[in-house]
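Accompanying notes for the structure given below.
The values are calculated or read from the model by the stated rules, or taken from the named source; none is laboratory data. Note that the coordinates shown come from a computational prediction; the quantities given were computed from them, not determined experimentally. Glycine gets a Cβ as well: all are built from the backbone with ideal geometry, and neighbour counts include every protein chain shown. With ligands, DNA and RNA removed, areas are computed over all heavy atoms of the protein, side chains included. Shrake-Rupley method; radii C 1.70, N 1.55, O 1.52, S 1.80 Å.
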Amino acid sequence: MLTKLDPQELRDSAHAIPYQKIKSGLFPGIALWMRRDDLLDPIISGNKAFKLVFNLAQARLFGAHTLITCGGAWSNHIHATAAAGMRLGFKTVGIIRGERAPTPSATLVDAERFGMQLIHLSRTAYRQRHNPDFLPQLGITDPFALFIPEGGANIAGARGVQLLASAIQHTQPVHFDEIWLACGTGLTLGALQSGLKNQKVVGVPVLKAAKSIAREAALWQKQLIGKMINMELKPEYHCGGYARRPAYLKAFQNQFEQQTGILLDPVYTLKLAYALHRECLLKRLTPGANVLLLHTGGLQGRRSTCHTDRVQ
Ligand SMILES: *Cc1c(COP(=O)(O)O)cnc(C)c1O
């Protein structure tokens, strides 16, 4: 849970997360477990809670009363930031990629209900988000506002993910030979591997950007521990691109959810589970290996019905 501005609380919650043994014919030849960080907090999605915790503590330390961030219409990070702001007493502003749709996404409806002020930008204007003049050009000059980059991708976010690494180190029920996770920017992959130096971490990019994900993951490792550790990426499971869910993927999701009783999110953890399923069928894993899948959350995104189309 993330109910107060105390990273110790999230650390304790991370240590209490269950590891669930998965018995399913979809993953032949290995011993499979899933770590359920989707259960970390009812409204602040797993991996985004880790990325936010030190950003929020820093905001309080700096005396900031507003959090400003950006993302797409189905962004887990926008949703989590709005929820955290409501709980912890920060005003929130969300800069959203793309014009406002006639029917806003369930994510944005929630964000507004959580009190977030939304500013919609054209895709062209949104591209300027890394420019230092981005906020002043939007007329935002509030000295008491803290800007958190898209996805929570800053050094405070990376340090938060190290809490997850430390929790895994201390609570894993067996020594995992491989730990698999879904990658968007690659920050979680880099930060996790930096905290799990002697374990093999495998990243599954959910978009056609394996090279930039590898670069990003390496960059965060350098910042956190001063060096790079070998990581493995499985670049062939983006399934057509970000937020695409072709029919075969939807069919796999139904099978997985029926057999395990665990729900997946359509953008990240679905492609993660699918990638491991395929690699098992191709016999690319060591027979009998102990493998951990990280359920990083994101279940709010299940409300989107148009994942075969581009949603962001
Ligand atoms: C954001 C997100 C990720 C990816 O995290 P990165 O650090 O951007 O690679 C994975 N899973 C879920 C559910 C997410 O919301």
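Brief remarks follow.
- Nitroxide proxy distance, nm - points 7 Å out along Cα→Cβ at Lys283 and Lys21: 2.6
- Taking N as its residue count, the alpha carbon Rg of the chain over 2.2 N^0.38 Å: 0.96
- For segment 17-60 versus segment 67-125, the inter-centroid distance based on Cα atoms is 23 Å.
- Segment 190-273, relative contact order in percent, only Cα pairs under 8 angstrom and at least six apart counted: 32
- Hydrodynamic radius of segment 47-124 per Kirkwood, over alpha carbon pairs, in Å: 12.5
- Stretchable slack from Glu236 to Asn131, in nm (0.36 nm times residue separation minus alpha-carbon distance): 34.6 nm
- Highest-first arrangement of 224-233, 267-276, where packing means the average Cβ count within 10 Å: 267-276, 224-233
- For peptides 36-47, 180-191, 20-31, sequence by mean Cβ density within 10 Å, most packed first: 180-191, 36-47, 20-31
- Where labels lie 7 Å past Cα in the beta-carbon direction, separation of Thr103 and Thr141 in nm: 4.2
- Antiparallel content of DSSP bridges confined to the chain, in %, to 5: 10
- Computed extension length for Lys250-Arg113: 46.3 nm, one decimal, from 0.36 nm per residue of separation with the Cα-Cα distance subtracted.
- Other residues whose C-beta falls under 12 angstrom from the C-beta of Ala218 contribute a net charge of +3, scoring Lys and Arg +1 and Asp and Glu -1.
- Extended-chain gain in nm, criterion 0.36 nm per residue less alpha-carbon gap, Gln169 and Arg11: 55.6 nm
- Taking segment 148-237 as the region of interest, the number of lysine pairs whose Cα atoms are within less than 22 Å, with members eight or more places apart or on different chains, is 13.
- Relative contact order [Cα under 8 Å, 6+ residues apart], the chain, whole percent: 24
- Take every Cα pair under 8 Å whose residues are at least 6 apart in sequence, average their separation, divide by the length of segment 115-194, and the relative contact order is 31 percent.
- Share of carbon and sulfur in the accessible heavy-atom surface of segment 126-174 [1.4 Å probe, %]: 52
- If you take all other residues with their beta carbon under 14 Å from the beta carbon of Val291, and give Lys and Arg +1 and Asp and Glu -1, the sum is +4.
- Residues of segment 126-275: accessible area per residue with a 1.4 Å probe, Å²: 43
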